[in-house]
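**Student:** The structure under discussion is supplied below as structure tokens; questions concerning it will follow.
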Amino acid sequence: MADLQTRLCSLGFDTGRVDGIYGDNTATAVAEFQRNLKLAVDGIAGRNTLEELTRITTQKENPWLVTTVREQANRYQSSVGLEGFRIGIISTNTLSAVSSAMATYLGDAGAIVIPVAGHAESEQASEANQSNIDLLLALHSSEQTRVAHYRSYSYESVAGRELSALVATAISTVDGIHAVAEGMYLSLLRETSMVAIVVELVALDLGLELAEAIASAITSAMIAWAAGSSRS
């Protein structure tokens, strides 16, 4: 399924996130592909459709995916940092001090902070998608500190990778913390339509001062990312 989505996106038919799920966006992309090739339009990737799709895409080398182009375009619409960005925050209770400080710092930077609820990751992803959020940050308690962005076997969020690298570097400037950036196939990252990262932190003995330092570091990284300072 992810291969189907990748092939469609390489031709400019936007399936949304390459997540291996045959949802409405993928069905619409299939229908558009069929319409363009004057095939029977039913939104189903049947034999004839797959044969035509394979025939065309095997001729392309190192294709750009429309999902990547759209993701980058949405990011670079802003040249003033986080001003006006709708940022969703998900947090466990053990990291409430970090999320609270994050909300303050992001608000000071001009962002619109939107708490995202839901117990399961799929519920959280659904709420984030319905809230028209530009960027999603999830804070999870863990036994190690790392920053995850979406990556599958055939697709990686380029903007997410850049953001996770910046955030991991920023967190690592806080005394006693070493964070790594990593592409992961998590439900929350897979099912959200916006750029999203998951920050996993060791919550033991996380006092207020340390929590605020982490929140400040993450905010600074997000401002730099939104302003496009990591562009090559």
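**Student:** Towards the positive end of the charge dipole of the range 108-232, with charges on Cβ (+1 Lys, Arg; -1 Asp, Glu), say which of Met184, Thr219, Tyr153 has the farthest Cα.
**Tutor:** Selected residue: Tyr153.
**Student:** Please work out the Cα convex hull volume for the chain and give it in Å³ per residue.
**Tutor:** 122
**Student:** What number do you get for the range 79-177 when its Cα radius of gyration is normalised by 2.2 N^0.38 Å, N = residues?
**Tutor:** Taking N as the residue count of the range 79-177, the ratio is 1.10.
**Student:** Still on this structure, I have one more. So how strong a dipole does the chain carry about its Cα centre when Lys and Arg Cβ are +1 and Asp and Glu Cβ are -1, to the nearest 20 debye?
**Tutor:** 840
**Student:** Quick check: residue separation of Val174 and Ser187 times 0.36 nm, minus the Cα distance between them. What number comes out in nm?
**Tutor:** Using 0.36 nm per residue and subtracting the Cα-Cα distance, I get 1.8 nm.
**Student:** Additional query: I need the phi-derived Karplus couplings for the range 95-104: 6.51 cos²θ - 1.76 cosθ + 1.60, θ = phi - 60°, integer Hz, Gly and Pro marked x.
**Tutor:** 10, 4, 5, 5, 5, 5, 5, 4, 4, 5
**Student:** Sticking with this one: Working from Cα positions, state the angle (0 to 90°, nearest 10) between the long axis of helix 158-171 and the longest principal axis of the chain.
**Tutor:** Approximately 10 degrees, to the nearest ten.
**Student:** Shifting gears a bit: Provide the gained length on full extension for the span Ile112 to Tyr153, in nm with one decimal, where the gain is 0.36 nm per separating residue minus the Cα-Cα distance.
**Tutor:** So the chain would gain 11.4 nm between Ile112 and Tyr153.
Only the coordinates and a few stated rules stand behind these numbers; no lab work does. Since the structure is predicted, the reported quantities are computational estimates derived from the model, not experimental observations. Note that we place each Cβ from the backbone using ideal geometry, even for glycine, and neighbour counts take in every protein chain shown.
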